[in-house]
Amino acid sequence: MAEQTRFLLPQDRLPKAWYNIVADMPFEVPPLLHPVTREPTRLPPPLFCDALIEQEETQERYVEIPEPVREVYRLWRPTPLVRARRLEQALDTPAHIYYKYEGASPPGSHKPNTAVAQAFYSKEAGVKRLVTETGAGQWGSALAFACNLFGMECGVYMVKVSYYQKPYRRVLMEAWGARVVPSPSPETQSGRSILERDPDSPGSLGIAISEAVEVAATHDDTKYSLGSVLNHVLLHQTVIGEEARLQMEMAGESPDVVIGCVGDGSNFAGLAFPFLRDRLQNGASTRFVAVEPTACPSMTRGVYAYDYGDTAHLAPIAKMDTLGHTFIPAGIHAGGLRYHGMAPLVSALHRHGYIEPVAYPQLAVFEAAVLFARTEGFIPAPETAHAIRAAIDEALAAREAGEKRVILFNFSGHGHFDMGAYESYFAGKLENYEYPVERVLEALKDLPVVEK
């Protein structure tokens, strides 16, 4: 009999609670600060409903998943855990490589895990519309999907370079009833101010956040929804890791290294935090590797400092790994990894030595993506391919050391809407890009001055 490759949980084992890592962290994360007074603050109630603000601040180890949210999750959850045996054979490695396949969701990524939760709580609070930003379109797609299921309107400000690079992501959002606007746009004061200075601005997540926040703050029936960074978002994503723990038990193994790509930190945290619980509680030796692009190296090249979450200084100030809120990234195809900062929880764990960041250039990432597609069959999104690159390198290191190594990574989304990126790669049109040190230093000059 062939060895088992796919590990599937029955739906009655769908997790009943999200895991809150804050309860187990041996240090405190610096608080959010008000963007004007620079005093400790909560998430602003005009932007978020009370339930999400409470989850942002909770110290409880587990937060119950509401049954209406679990009901929607059952459309695609639990997702498969897959042993990448063909990739292992191609690499001639003694390592065992596993991946959690989050491409199984209707929008094709991990993002609905929090989008569904946020839409549910907002609907319960009487909210009529959610507005957000999106980079590559995965988060915008997820929120459009969730709002449609709960009968809510959805507005999405999509980073302009991605809006034109990935037109079918826009069409997907529109199929679920969302209104999609390229950012920066003339619709908001934040967008107009950018366009006055740079009419050809390619946009950034920081700019798109400003536009979405402005709309939410000026409309009583509208709340803002964020797809990463904040504590409650990372909380919702831990359904991934809670499932993966059960599936690794089914496989009879425990990961030596857990890997995820990082733009703002949500898919990485979703897989890693439930495994990191063992390290925090019991001193387990598992390593945690966060993978980012060299074009947007917030963890490997940024500083750990208080910074604005958006370009227009409308959102709270957070202490995080940052390249500076004025950072404008290159138009690489991994649009979901182009945010200037990192989630405060991920940043703090990094700075306390629990997370190892690594950065890769674009060509090495696509090389890994193609090898994965030709061995395992699934086409990864460019963001996902960063995690695959690191997993391959871990497997090659195990081969060189002649040791078995159990590797687990998050396949955070499929690449079915990224064929333009693959076409450019095959045509030799993609180039590596490393963000210049001098531009990083220039952006960091605009960090807010905060009392120590």
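The values are calculated or read from the model by the stated rules, or taken from the named source; none is laboratory data. Note that the coordinates shown come from a computational prediction; the quantities given were computed from them, not determined experimentally. Cβ placement follows ideal geometry from the backbone for every residue including glycine, while neighbour counts extend to all protein chains displayed.
For residue 427, are the conditions met, namely being of a type outside the set (D, E, K, R), surrounded by fewer than 19 Cβ atoms within 10 Å (Cβ to Cβ) and assigned by TED's automatic domain parsing to the domain that holds residue 94?
Details: of a type outside the set (D, E, K, R): yes; surrounded by fewer than 19 Cβ atoms within 10 Å (Cβ to Cβ): yes; assigned by TED's automatic domain parsing to the domain that holds residue 94: yes.
Considered against the rule, which asks whether it is of a type outside the set (D, E, K, R), surrounded by fewer than 19 Cβ atoms within 10 Å (Cβ to Cβ) and assigned by TED's automatic domain parsing to the domain that holds residue 94, residue 427 comes out as yes.
No other residue among 363, 349 is hydrophobic (A, V, I, L, M, F, W, C) and farther than 24 Å from residue 241 by Cβ apart from 363.
Consider residue 35 carefully, then state whether it is touching a Pro at 6+ places or on another chain (Cβ under 9 Å), in a loop (DSSP other than H, G, I, E, B) and within 30 Å of residue 377 (Cβ to Cβ).
Working: touching a Pro at 6+ places or on another chain (Cβ under 9 Å): yes; in a loop (DSSP other than H, G, I, E, B): yes; within 30 Å of residue 377 (Cβ to Cβ): no.
Criteria not met by residue 35.
Contact annotation: residue pairs with Cβ atoms under 6 Å, 6 or more positions apart or on different chains, pairing a residue in region 83-95 that is more than 16 Å from residue 400 (Cα to Cα) with a partner that is part of a helix (DSSP H, G or I) and charged (D, E, K, R), are 84/376; 86/376; 87/376.
I'm checking my understanding of the structure. Among residues of region 412-445 that are outside any helix (DSSP H, G or I) and in contact with a Gly (Cβ under 6 Å, 6 or more places away or on another chain), which one is nearest to residue 266 (Cα to Cα)? Reasoning before the result, please.
Here is the first cut: in region 412-445, the ones outside any helix (DSSP H, G or I) are 412-418, 427-436, 445.
Still in the running and in contact with a Gly (Cβ under 6 Å, 6 or more places away or on another chain): 413-414.
Details: 413: 13, 414: 16 Å.
Step by step, filter region 412-445, then rank; the result is 413.
Quick one: is residue 321 within 18 Å of the chain's Cα centre (by Cα), modelled with pLDDT under 95 and acidic (Asp, Glu)?
Values: within 18 Å of the chain's Cα centre (by Cα): yes; modelled with pLDDT under 95: no; acidic (Asp, Glu): yes.
No: the conditions fail for residue 321.
Against the list (1) over 30 Å from residue 195 (Cβ atoms); (2) surrounded by fewer than 24 Cβ atoms within 10 Å (Cβ to Cβ); (3) not charged (D, E, K, R), the condition residue 328 fails is (1). If the condition is being modelled with pLDDT of 70 or more and within 16 Å of the chain's Cα centre (by Cα), then region 324-348 contributes 337, 339, 340, 341, 342, 343, 344, 345, 346, 347.
For region 221-249, residues that are in a helix (DSSP H, G or I) and either hydrophobic (A, V, I, L, M, F, W, C) or touching a helix residue (DSSP H, G or I) at 6+ places or on another chain (Cβ under 6 Å) (or both) total 15.
Of all the strands (runs of 3 or more DSSP E) wholly in region 77-185, which have at least 2 residues that are touching a Ser or Thr at 6+ places or on another chain (Cβ under 9 Å), assigned by TED's automatic domain parsing to the domain that holds residue 408 and surrounded by fewer than 24 Cβ atoms within 10 Å (Cβ to Cβ)? Break it down into steps so the answer makes sense when it comes.
Details: elements: 81-83, 96-101, 129-134, 153-159, 179-183.
Qualifying strands (runs of 3 or more DSSP E): 81-83.
Just to be sure before I move on: is residue 386 part of a loop (DSSP other than H, G, I, E, B), in contact with a helix residue (DSSP H, G or I) (Cβ under 9 Å, 6 or more places away or on another chain) and touching a residue at least 12 places away in the same chain (Cβ under 8 Å) in the structure I sent? It is false that residue 386 is part of a loop (DSSP other than H, G, I, E, B), in contact with a helix residue (DSSP H, G or I) (Cβ under 9 Å, 6 or more places away or on another chain) and touching a residue at least 12 places away in the same chain (Cβ under 8 Å).
Listed here are the residues, each with its yes/no results for (1) of a type in the set (Gly, Ala, Ser); (2) closer than 24 Å to residue 206 by Cα.
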site	(1), (2)
345	no, yes
358	no, yes
379	no, no
384	no, yes
402	yes, no
433	no, yes
437	no, yes
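Determine whether residue 203 is in contact (Cβ under 8 Å) with a residue 24 or more places away in the chain, at positive phi and either surrounded by fewer than 23 Cβ atoms within 10 Å (Cβ to Cβ) or touching a Cys at 6+ places or on another chain (Cβ under 9 Å) (or both). Considered against the rule, which asks whether it is in contact (Cβ under 8 Å) with a residue 24 or more places away in the chain, at positive phi and either surrounded by fewer than 23 Cβ atoms within 10 Å (Cβ to Cβ) or touching a Cys at 6+ places or on another chain (Cβ under 9 Å) (or both), residue 203 comes out as no. Restricting attention to region 19-55, the residues that are more than 23 Å from residue 273 (Cα to Cα) and not charged (D, E, K, R) total 13.
Does region 7-24 contain any residue that is at pLDDT 95 or above, assigned to a loop (DSSP other than H, G, I, E, B) and under 20 Å from the mean Cα position of the chain (by Cα)? Yes, region 7-24 contains at least one residue that is at pLDDT 95 or above, assigned to a loop (DSSP other than H, G, I, E, B) and under 20 Å from the mean Cα position of the chain (by Cα).
Taking region 286-298 as the search range and keeping residues that are modelled with pLDDT of 95 or more and in contact with an Asp or Glu (Cβ under 8 Å, 6 or more places away or on another chain), which one is nearest to residue 135 (Cα to Cα)? It would help to see each step written out before you state the result.
At the first step, the residues of region 286-298 found to be modelled with pLDDT of 95 or more are 286-292.
Narrowing further to those that are in contact with an Asp or Glu (Cβ under 8 Å, 6 or more places away or on another chain): 286-290.
Values: 286: 31, 287: 29, 288: 25, 289: 23, 290: 19 Å.
Per the stated criteria, the residue is 290.
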